[in-house]
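Novice: Can you read through this structure? Questions will come right after.
The values are calculated or read from the model by the stated rules, or taken from the named source; none is laboratory data. It should be emphasised that the depicted structure is a prediction, and the values quoted were computed from it without experimental measurement. Please note: Cβ atoms are built from the backbone with ideal geometry, for glycine as well, and neighbour counts cover all protein chains shown. Areas reflect the complete protein model, heavy atoms only, side chains present, ligands, DNA and RNA absent. Shrake-Rupley method; radii C 1.70, N 1.55, O 1.52, S 1.80 Å.
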Amino acid sequence: MARFSLRQLELLAELPRHSTLGSAAAELNISESALSQAITSVERIAGEQLCVRRKAHGVRMTPAGQYFAAKAARIVADADELGDSFPRSDGSLRGPVSMGCFASFASHVVPSILEGFRAVQPGIDVSVSVGTHDDLLPALDSGELDFALVYDLLLPSGFTKHTLYQTKLEVVLHPEHPLAAQASITLAELESEPLVNYESEPSTENTRRLFAEAELNPTIAYSLPQVVLVNAMIGRGLGYGLLYARPNNPPHTLDGLPVAIRQLTPPNSPTSVVAIWPRTSTLGPRAAALLEHGKLAMDAAWSRN
């Protein structure tokens with residue numbers, strides 16, 4: 001079996017980004033002759049030419065060299081991540097975390113989770129992806145995301161779950177709607193009212209099932225793919241909405257118009273917002289630190305509500 005040192009892989013991974021050995025050597029902080037010798041050693045182990053080196057023409061990777069360099073870059077990145085995954089002597093962590101979040105509550109959750117996190121873990125770089133189940137679940141399976149925050153609704157098997165907070169459906173209406181005078185509203189009272197439906201799985205299927213189980217048929221006036229747009233329509237008196245309670249949720253639309261939030265009775269479709277990741281993988285210490293911080297942030301947000 002071929003034996004390459006991590007340093008050799010690092011050197012070859014850098015080569016495709018340079019047109020000359022001198023440029024690559026300067027970037028790698030070694031001499032040009034030492035780099036040339038390292039390339040020769042790797043080619044000897046690999047058993048074929050990986051790059052063409054000509055003084056007048058610089059350096060050019062062969063197809064085999066391009067393949068080798070791509071694989072080497074991946075191994076070097078994995079090695080760096082492995083080293084960063086373990087706490088330092090002072091307990092700090094370094095490296096990336098990729099978090100996904102369901103679109104309908106992302107603006108209510110993500111800022112709270114990220115607020116103050118850099119102060120406690122300055123070495124962790126967080127990236128955020130926002131989408132629906134159709135976006136987030138494949139990204140989890142492919143390893144693009146460390147974890148995703150979603151509703152615990154219609155989730156396929158194969159995911160580990162960690163509850164962030166519990167929630168339930170609420171009725172959102174224009175303040176002058178006749179039903180807004182009530183503290184709680186039934187589905188039967190809403191059946192003939194125009195529904196501004198949040199069109200996104202699993203929310204769409206959950207609403208359909210909710211009315212079907214009550215043997216009712218909603219009057220869908222609009223189906224829209226964004227919660228802020230649903231709220232904006234409600235603020236203009238164009239219908240009501242059925243939305244899950246969210247932290248940091250002011251009773252007005254993005255353009256400042258008021259809305260009324262009322263209880264749905266009897267309580268229907270209680271669920272949780274959960275962090276999920278594949279059961280076949282383990283949540284790393286960086287992701288676990290972010291998730292722990294997020295749970296504290298959500299508890300504080302609900303306390304303020």
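Novice: What residue among Arg54, Arg236, Arg74 shows peak mean-square fluctuation when the chain is described by a Gaussian network model with Cα springs under 10 Å?
Specialist: Highest fluctuation of the listed residues: Arg54.
Novice: How would you order 177-187, 284-294 from highest to lowest mean count of nearby Cβ atoms within 10 Å?
Specialist: Most protected by this proxy first, the peptides run 284-294, 177-187.
Novice: Something else: Based on the Cβ-Cβ distance of Ser107 and Ser272, what FRET efficiency does E = 1/(1 + (r/R0)^6) give at R0 = 22 Å, to the nearest 0.05? Mind showing how you got there, number by number?
Specialist: On the way: r = 19 Å, r/R0 = 0.86.
Between Ser107 and Ser272 the formula returns 0.70.
Novice: If you average the alpha carbon positions of region 69-83 and of region 227-274, how far apart do those two centres end up, in angstrom?
Specialist: 46 Å
Novice: Follow-up. Relative to the longest principal axis of the chain, what angle (0 to 90°, nearest 10) does the C-alpha long axis of helix 32-46 take?
Specialist: 80 degrees
Novice: Give the Rg (one decimal place) followed by the Dmax (whole number) of region 24-158, computed from C-alpha coordinates and expressed in Å.
Specialist: 21.6, 63
Novice: With the crude spin-label approximation of a point 7 Å out along Cα→Cβ, what separation in nm comes out for Arg118 versus Gln8?
Specialist: 4.1 nm
Novice: What angle, in degrees between 0 and 90 and rounded to the nearest 10, separates the Cα long axis of helix 285-304 from the longest principal axis of the Cα atoms of the chain?
Specialist: Once rounded, one gets 20 degrees.
Novice: Right, next: Relative to the longest principal axis of the chain, what angle (0 to 90°, nearest 10) does the C-alpha long axis of helix 103-114 take?
Specialist: Value to nearest ten degrees: 60.
Novice: Follow-up question, since we're still on this one. Leaving out ligands, DNA and RNA, what percent of the accessible area of the chain is carbon and sulfur, probe 1.4 Å? Intermediate values should be presented prior to the final figure.
Specialist: Details: 8220 of 15870 Å².
For the chain, the apolar C and S fraction of the accessible surface comes to 52 percent.
Novice: Over all directions, average the projected area of the Cα convex hull of the chain and note it in nm².
Specialist: Numbers: hull surface 86.5 nm².
If I average the Cα hull's projected area over directions, I get 21.6 nm².
Novice: Assigning unit charges at the beta carbon (Lys, Arg +1; Asp, Glu -1) and nothing else, what dipole magnitude in debye, to the nearest 20, does the chain show about its Cα centre? Present the calculation step by step, with values, prior to reporting the outcome.
Specialist: Values: 24 positive and 32 negative charges, 234 e Å.
The calculated dipole for the chain is roughly 1120 debye.
Novice: Would you mind calculating the gained length between Arg236 and Glu32 on full extension (0.36 nm times residue separation, minus the Cα-Cα distance), in nm to one decimal? Display every interim value, and only then the final one.
Specialist: Details: separation 204, 0.36 × 204 = 73.44 nm, distance 6.90 nm.
Separation in residues times 0.36 nm, less the Cα-Cα distance, equals 66.5 nm.
Novice: Here's something else I'd like to know. Using the beta-carbon distance between Ala212 and Ala300 and R0 = 41 Å, what value does 1/(1 + (r/R0)^6) give for FRET efficiency, to the nearest 0.05? Each step should come with its number before you reach the end.
Specialist: Details: r = 37 Å, r/R0 = 0.91.
After rounding to 0.05, the efficiency reads 0.65.
Novice: Moving on. Might you tell me the accessible area per residue for the chain, computed with a 1.4 Å probe and given in Å²?
Specialist: Values: 15870 Å² over 305 residues.
Result: 52 Å² per residue.
Novice: Take every DSSP beta bridge with both residues inside the chain and express the antiparallel ones as a percent of the total, to the nearest 5. Write out the running numbers ahead of the final one.
Specialist: Working: 25 of 44 bridges.
Of the beta bridges lying entirely in the chain, close to 55 percent run antiparallel.
Novice: With runs of 4+ DSSP H residues as the only contributors, calculate the mean residue ellipticity of the chain at 222 nm using -39,500 (n - 2.57) per run, divided by the residue total and rounded to the nearest 500.
Specialist: On the way: 11 runs with 123 residues, N = 305.
Helices in the chain give a 222 nm mean residue ellipticity of -12500 deg cm²/dmol.
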